[in-house]
Amino acid sequence: MNLRRLVFFGALLGLWEAAARAGFWPPYIFPSFSSVSRTLLAGLWDGSIVLGVVVSLRRILLAYSFSAVVGTILGLALGRIKALEDTVGSLALGLQTLPSICWLPLALLWFGLSEQAILFVTVMGAVLSITIATEAGVRSLPPIYLRAGRTMGARGLALYRDVILPAAFPYMVSGLKQGWSFAWRSLMAGELLYVNLGLGQLLMMGRELNDMGQVVAVMLVIIGIGVVVDRGIFARIEQRIRSKWGLLA
Amino acid sequence: MVERRRPVKLVLRNVSKAFAGRNGSVTALEDVSLEVRQGEFVCLVGPSGCGKSTLLNLIAGLERPSRGEILMDGRPVTGPAPERMVLFQESALFPWLNVVHNVEFGLKQKGVPARVRREIALYYLEMVHLRKFAGAYVHELSGGMKQRVALARALAADPDVLLMDEPFAALDAQTRDILHAELQEIWAATRKTVVFITHNVREAVCLGDRVVVLTYRPGRVKAHCEVALPRPRQIEDEGLLAVVAEVTASLRGEVMKALNEELNERVEGHEPAKAGVLRRAVGALGSGR
């Protein structure tokens, strides 16, 4: 974290605190930074926020790893088989334009008010991005890698594992990243709308209790998780690929 | 000079290859017959568009001939196999692997245990003088180093035949000279059978036991020139000149055909005025300068 950024965020928090203390708005509409921090610490201490984080992370990990596996397999198939690309490929492109939370009404009909419904919505957020990016990666694969791999004896599954997948991986990472952010947004939206437990539900509870401190505290936690995943995981993977492949930063 | 007694390694018998093009099918190769003996270094030269690379892909098993057959050790070639390794013009090294893992790739596919394949890979990296770069990534290497790694990668799979598709065409002259020397040294040490494609006649004469001239579209075998000169040879050796002249004479007509045809394709319908000028220029070239 560099100095400029530190100063910026320090000033922002200061401004927030000052504006809240000036008393233009009542605290249940505009809570101060200090009261939000207190709520956050209390929530961490009594475990309510921790529980929300654990439940939401468990859901996203489940849905996301499922999406990654299915999306990769589907993307490989679409990228290699022309007939599939023309048919399923265009379907995937079309469906991807639909914000995945729009699947919720259907999911409720199919799965009821259940864990499966929210997982379904989350999967629909991620899986198509991953599929489409994998397909693009396979399609842009230089044929010479395939020829080189085949002359060196790679065939069948080994050709996929040792040549096609690693060659397509830089493309896939952008899809995996986009898939993650779609999945995370869908999950939060889904949790807001109905499901018990999870961060989204904590947000709604804050609203119902008129506890703006809790609402803002949970929002900060959601931002925090997003930043950690983006900077801590995806940015690192991208950096690694860039240095390995010698791509420009 | 290859002794005539050496067994025949590769046989191409009346091989033709046609591709579906925009205006019907295009015959890339027609009725090509060729024998390569074990341990022989054969160079194929021809104008661009004569189907040299197609021929190599056919031998590699990456493509199937439309007619005719290709035999290795008397058995028909049905697909790619590590006994026939290809060196491409671009190195085709895998950017997601470091140098030593690239060299190990073929061995890994064969299921060679990790320790053994590391040892073999390092041995061949040593042979191309790049052992120090075992841990480097591909983008950190120069063009010449990449081709040396590609050579080590091909040799590590212990093929019987090395198929080289203009592997040095993209390199600067100095690097190419060094690699010519290294390749001859390695060939002398390993005695692989080599089929080497180039459009550079001097390179072909410098490296080959025999130079085979291909005609322009469709590619056919036009001439064989034996190169009975002592090795190691260098590209500027005076002794090469006689053979170079012989090959060049045989090739010139084909290059003219290629240029003319390209000209017609490019110019027709577009700029008829320019076409005349270019044709005269090509004609002047064809008359031997």
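The values are calculated or read from the model by the stated rules, or taken from the named source; none is laboratory data. In this text the structure is predicted, and so the values were computed from the model without any measurement. Positions of Cβ are backbone-derived with ideal geometry, glycine not excepted, and every protein chain shown enters the neighbour counts. Areas reflect the complete protein model, heavy atoms only, side chains present, ligands, DNA and RNA absent. Shrake-Rupley method; radii C 1.70, N 1.55, O 1.52, S 1.80 Å.
Before we move on, is A:PHE169 at pLDDT 90 or above, closer than 22 Å to A:LEU62 by Cα, within 12 Å of chain B (Cβ to nearest Cβ) and open to solvent by 20 Å² or more (accessible area, probe 1.4 Å)? Yes.
The set of residues in the stretch B:242-259 being open to solvent by 70 Å² or more (accessible area, probe 1.4 Å) and in contact with a Lys or Arg (Cβ under 9 Å, 6 or more places away or on another chain) consists of B:LYS257 alone. Here are the criteria: (1) open to solvent by less than 50 Å² (accessible area, probe 1.4 Å); (2) farther than 17 Å from B:GLU166 by Cα; (3) acidic (Asp, Glu). Tell me which single one B:GLU203 does not satisfy. Every condition holds for B:GLU203 apart from (2).
When B:GLY68 is tested against (1) within 13 Å of chain A (Cβ to nearest Cβ); (2) not acidic (Asp, Glu); (3) not in a loop (DSSP other than H, G, I, E, B), just one condition goes unmet, and that condition is (1). Of the residues examined, B:PHE19 is not one that is open to solvent by less than 10 Å² (accessible area, probe 1.4 Å) and at negative phi. One residue alone among B:PHE88, B:PHE94 is within 10 Å of chain A (Cβ to nearest Cβ) and touching a His at 6+ places or on another chain (Cβ under 9 Å), and that residue is B:PHE94. It is to be established whether one or more residues within the stretch B:133-142 are within 12 Å of another protein chain (Cβ to nearest Cβ), in a helix (DSSP H, G or I), touching a residue at least 12 places away in the same chain (Cβ under 8 Å) and not aliphatic (A, V, I, L, M). Yes, the stretch B:133-142 contains at least one residue that is within 12 Å of another protein chain (Cβ to nearest Cβ), in a helix (DSSP H, G or I), touching a residue at least 12 places away in the same chain (Cβ under 8 Å) and not aliphatic (A, V, I, L, M).
Scanning the stretch B:38-48 turns up no residue that is under 17 Å from the mean Cα position of the chain (by Cα), open to solvent by 10 Å² or more (accessible area, probe 1.4 Å) and within 14 Å of chain A (Cβ to nearest Cβ).
Counting just the residues of the stretch B:78-116 that are aliphatic (A, V, I, L, M) and open to solvent by 40 Å² or more (accessible area, probe 1.4 Å), which one comes out farthest from B:LEU12 (Cα to Cα)? So, considering only residues that are aliphatic (A, V, I, L, M) and open to solvent by 40 Å² or more (accessible area, probe 1.4 Å), the one farthest from B:LEU12 (Cα to Cα) is B:ALA114. Condition test on B:LEU122, is it modelled with pLDDT of 90 or more, away from chain A (no Cβ under 12 Å), assigned to a helix (DSSP H, G or I) and under 22 Å from B:LEU162 (Cα atoms)? Considered against the rule, which asks whether it is modelled with pLDDT of 90 or more, away from chain A (no Cβ under 12 Å), assigned to a helix (DSSP H, G or I) and under 22 Å from B:LEU162 (Cα atoms), B:LEU122 comes out as yes. For the stretch A:182-209, a tally of residues being polar (S, T, N, Q) and open to solvent by 30 Å² or more (accessible area, probe 1.4 Å) returns 2.
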